[in-house]
Amino acid sequence: MGLLSRVAAEARGRRQRAQGRKSWSEPAFWDLDRLRWPFIGSSSLSSDREQIENDFEGYVQGIYKRNGPIAALMLVRLAVFSEARFTFRRMRNGRPGDLFGTQALALLEKPWPGGTTGDLLARMIQDADLAGNAFIARVPGTDRLRRLRPDWVTIVSASKSEPELYGAALDAEVVGYYYSPRAPGVRTDTLLLPSQVAHFAPIPDPEFSWRGMSWLTPVLREISSDLAATQHKLKFFENGATPSLAVRLDASVTPEMFERFKTLMNESHAGVDNAYKTLYLGGGADVTPLTMDLRALDFKSIQGAGESRLAAAAGVPATIVGFSEGLQGSSLNAGNYSSARRRFADATMRPLWRNVAGSLASLVEVPSGAELWFDARDISFLQDDRKDAAEIQQAKAAAIRQLVDAGYEPKSVVAAIEAEDMTLLTHTGLYSVQLQPPTTATPAEPTTDGPTPPDDPSGPDPAEE
């Protein structure tokens, strides 16, 4: 029995064992690490499976939909990332050449009915941010793509020489992607081949060979702190926007009287609707503030520092996303903002575009001698870079003129400049003003027609004769 047959048989067995369960979210059902069979092992370095470790739903519900700074960072990344287009780039002697397109790019331009390249990229960067991995499958027999929910995908690897080592073997390789969509009462299992799936994992997980890691994972504590700070601010206003108070009563007050007093005080002064009301106390009651207000706590600086740490993990400068620490002092100067924008484009976006182009190349027919690449020339966020591009073009034009004047063939000069490979230059054998071949015609003989040329003034004087 081959690998695919074994995995398919195990999938059928799992479906049969799953019947009768009341909940499809029961941990015991999804704890696949306890299952052992030749090609589906535990999620470890010595496993043939690499599952998405993070709780995808937890990241979505608990972080993305509840935390403002995280949502802002992800939306900035999504907005810029989804603006790119795909194209092909020629490769000459290992160097990139010109960009061009073919009909094969239609699959990425219209990945599904009503979808665009921007929609495809938005889905991929969103999944990569939340789960560390994005999976795009080509629907068999169609010219359509399908986004696979990352926590429903398991990366399957195998080894021919040492199958007992699973993914840790020296010759281990990915043999497929196990897609298991989950719905109440229904479950299907499909093994997709590597040629059918584009796997986008921009941040590799150091514990695994092929799985990616979310940039949110290292900053979970910062996210928890930011949520706590937001909750603290909310509670401050919910409790009347006033410091906490300690109320001391006379020793003669009975427990019953104390409970009645507390109930009346909470009804009269607790909550934002009762903020700033005058506090009236009976005899023997004494009030002492216990906490400081938000200004005394330097709340803005505390929360701003946490936001900057989140921005650093996302690769988005605080100035670009609009965090408070990025909107102070000289951060908004034209030069500083341009530097921040260039850092975001060059160190965050361009590596992501390069990675996603390589990932999606498995789904399209790439022409020979070319590679799938991205085209960022029409992205408005990078329009300031067009000035730099114009200066580069001007320098290239000057170099082309100089080389042509030096006797090199114009076509070879353009190819060498664009490829940054001077070995492509071809010389004409002519130099400088001699670029035009010298004439070989002899001077024409004077004719007898027409006026006689004047005598040579240096000749003998007729009078002397």
task = Quickly work out the L425-to-A183 label distance, labels modelled 7 Å from Cα along the C-beta direction, and quote it in nm with one decimal.
result = 6.5 nm
task = Can you pull the one-decimal nm distance between simple spin-label points at D405 and I203, each 7 Å off the Cα toward Cβ?
result = 5.2 nm
query = If Lys and Arg each add +1 and Asp and Glu each add -1, what is the summed charge of the other residues whose beta carbon sits under 14 Å from the beta carbon of I70?
reply = +1
ask   = What list of ³J(HN,Hα) values in whole Hz, one per residue of region 123-130 in order, does the Karplus curve 6.51 cos²θ - 1.76 cosθ + 1.60 (θ = phi - 60°) give from phi, with Gly and Pro shown as x?
value = 5, 5, 6, 5, 5, 5, 5, 7
message = Quick check: residue separation of A79 and S252 times 0.36 nm, minus the Cα distance between them. What number comes out in nm?
response = 55.7 nm
task = Multiply the residue separation of S338 and K235 by 0.36 nm, subtract the distance between their alpha-carbon atoms, and state the gained length in nm to one decimal.
result = 33.2 nm
ask   = If r is the Cβ-Cβ distance from M91 to A228 and R0 is 56 Å, what FRET efficiency results, to the nearest 0.05?
value = 0.60
task = Work out how much length K65 to A390 would gain on full extension: take 0.36 nm times their residue separation and subtract the Cα-Cα distance, in nm to one decimal.
result = 112.8 nm
remark   = Over 29 Å (Cα to Cα) among K233/K262; K110/K411; K235/K262; K65/K233 -> K110/K411
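Taken together, the values in this text are just the output of simple stated rules run on the coordinates, not laboratory data. No experiment lies behind these values; they were computed from the predicted model shown. A quick note on method: Cβ atoms are made from the backbone with ideal geometry, for glycine too, and the neighbour counts reach across all protein chains shown.
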